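The values are calculated or read from the model by the stated rules, or taken from the named source; none is laboratory data. Fair warning: this is a prediction, and the values are worked out from it, not measured in the lab. Every residue, glycine among them, receives a Cβ derived from its backbone with ideal geometry; neighbour counts consider all protein chains shown. Ligands, DNA and RNA are excluded from the accessible area calculation, which covers all protein heavy atoms including side chains. Shrake-Rupley method; radii C 1.70, N 1.55, O 1.52, S 1.80 Å.
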Amino acid sequence: MQCILIGVCPPLKHDSVLAVHSSVRWLKSTKIYDEDNHVQLICGLTDINNSTEDIVDAISKLLGSEYTCELWATAPALLPLKPLSGYDFTHQQVTG
């Protein structure tokens with residue numbers, strides 16, 4: 001099993017378009033702002049033995065020319081995505 005993280009620009013109107021690519025089980029998606037572009041990061045799991053670039057190429061063809069799709073990361077475990085609400089950075093001072 002391998003986890004892949006792809007970036008799609010502009011963000012998809014409906015994530016369900018990715019369900020057509022049956023070799024990947026899509027888990028999470030979040031939108032970020034990266035270098036003047038809105039990018040949607042989508043995390044999925046795959047058992048496929050082909051290269052992850054083949055998966056990204058297939059998704060890119062599926063989405064068409066109005067979208068760009070690129071591989072951001074791969075890992076043998078799930079890649080955590082930042083929550084839409086951000087992280088809680090409440091700091092507490094510890095004195096000892």
query = PRE reach from Lys13 (point 7 Å along Cα→Cβ): which of segment 55-79 fall under 19 Å by backbone N?
reply = 60-69
note = Label model pair Ser23, Leu63: point-to-point distance (7 angstrom along the Cα→beta-carbon line) in nm is 1.8
message = As a test of reading the structure, rank Lys61, Lys28 by solvent-accessible area (1.4 Å probe, protein chains only), most first.
response = Lys61, Lys28
inquiry  = Keeping all protein chains in place and using 1.4 angstrom, which order do Trp26, Trp72 fall into by accessible surface area, from largest down?
reply    = Trp72, Trp26
